[in-house]
Amino acid sequence: MAFDKKLLEIVACPVCKGKLEYNKEAQQLICKADKLAYPINDGIPVLLENKAEPLAE
Ligand SMILES: [Zn+2]
């Protein structure tokens, strides 16, 4: 199931409450402020700090 981009308008980073960026290739939501990547499972973003991965760059 594809991630619905409309969700980007309502979801926010649980850490800083900032906006998230959608990474289509990685199927992740990115918080640039915290340098965290939240996974998307079956189109559902998992916005939990302990499930997030640190961004590589
Ligand atoms: Zn954040």
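Coordinate-derived values only; no laboratory data. Quick caveat, the model's predicted, so the values are computed rather than measured. A quick note on method: Cβ atoms are made from the backbone with ideal geometry, for glycine too, and the neighbour counts reach across all protein chains shown.
In plain terms, the bigger the Kirkwood radius, the slower the diffusion; for segment 13-57, with that radius from Cα pairs, at 37 °C and 0.692 mPa s, Stokes-Einstein puts D at 321 µm²/s.
Under 5 Å from the amide H of residue 22 lie the amide H atoms of 30, each residue being 5 or more positions distant or on a separate chain, with H modelled from the backbone and absent for Pro and chain starts. Under 13 Å from a point placed 7 Å out from the Cα of residue 4 along the Cα-to-Cβ direction: which residues of segment 10-38 have their backbone N that close? Hits in segment 10-38 for residue 4 at 13 Å: 10-11. Put in order of Cβ neighbour count within 10 Å, fewest first, the listed residues 22, 38 become 22, 38.
3J(HN,Hα) along segment 22-29: 8, 9, 5, 4, 8, 6, 9, 9 Hz, from the Karplus curve 6.51 cos²θ - 1.76 cosθ + 1.60 with θ = phi - 60°, whole Hz, x for Gly and Pro.
Here the contact order of the chain, divided by its residue count and restricted to Cα pairs under 8 Å and six or more residues apart, works out to 28 percent.
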